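My questions will all concern the structure given below.
We did not get these values from a lab; they are worked out from the coordinates using the rules stated. Worth saying up front: this structure is predicted, and the values here are computed from it rather than measured. Note: ideal-geometry Cβ built from the backbone for every residue, glycine included; neighbour counts use all protein chains shown.
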Amino acid sequence: MRLKMLSCEVFARQIYYVAAFSPHVVDIDLVDKGLHTEPDRLREELQRCLDAVPVGRYDAILLGYGLCSNALARLTCPHTPMVLPRAHDCITLYLGSAERYACEFRATPGTYWYTPDYMERNVTVGRWVALGASTTDADMEQVYREYVDKYGQDNADYLMEEMGAWQEHYSRAAYIETQEIALPDYSGQVREEAARRGWTFDKLAGSLVILRDLLEGRWDEARFLHVPPGQTIVPSYDARVVMAQTPAQ
């Protein structure tokens, strides 16, 4: 098969690694992770990318995303099927299963998630952006960005901590380390950050299984949504996370 991969840039290392061993031909486009804070803009950019896919060139378009605050809702391609993981956000893809993510969330809901890729590519607002941030987290990040612009990063950190903005929402820093490939290890920095903020620290084993199966064409219904040409992605509001729907005329 010839596949088109549209993905958040935080998966760049993993996707290129997996694509190198895929039995299929994979063309990869990466999208700026900063758009996650504005789901409508992210949706517009992804739809623009989908509209630019040539007719008849690919057997499927793969989306390296979760639902991501409904940013993928209403995406459509009239001529090529789309395939995406059944996931609310990228943490499921990093951990390897929705079940494992749910278990971690139930145990410690106030977790700030770190990965090497996300830390490396977080060049605009410091290294403390949470993976899979909720709307509240995005609002908090906006305040932080404004403080950085006005007062500098060190002063912004001080102000946020004095207000208790970080501790109000989080109690643990979790560093996800992908087991299948050796990436730079930033866990020491995360451990120090957790100690400074009074959080617990955990290093968790990550997995490439979802990305590998996505790029190698193992699209079982339980883990992946297959969207026929002309249909659109919509939230399912149940364990499936997403489903395909024919747009209203």
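On a C-alpha basis, how far is the centre of the range 6-42 from the centre of the range 48-79 in Å? Whole number, if you could?
Centre-to-centre (Cα) distance: 12 Å.
What's the exposure ranking of His88, His24, His169, going from fewest to most Cβ atoms within 10 Å?
Sorted ascending by nearby Cβ count, the order is His24, His169, His88.
With each pseudo-label sitting 7 Å past Cα toward Cβ, what's the Glu99-Asp51 distance in nm, one decimal?
For Glu99 paired with Asp51, the spin-label model returns 4.1 nm.
Same structure again: For Asp238 and Glu120, what is the calculated FRET efficiency with R₀ set at 30 Å and r taken between the beta-carbons, to the nearest 0.05?
E between Asp238 and Glu120, to the nearest 0.05, is 0.30.
Another one. For Asp59 and Ala107, what is the calculated FRET efficiency with R₀ set at 51 Å and r taken between the beta-carbons, to the nearest 0.05?
Given R0 = 51 Å and the Cβ-Cβ separation, E is 0.80.
Calculated FRET efficiency, Ser171 and Asp27, Cβ-Cβ r, R0 41 Å, to nearest 0.05?
My answer for the efficiency is 0.50.
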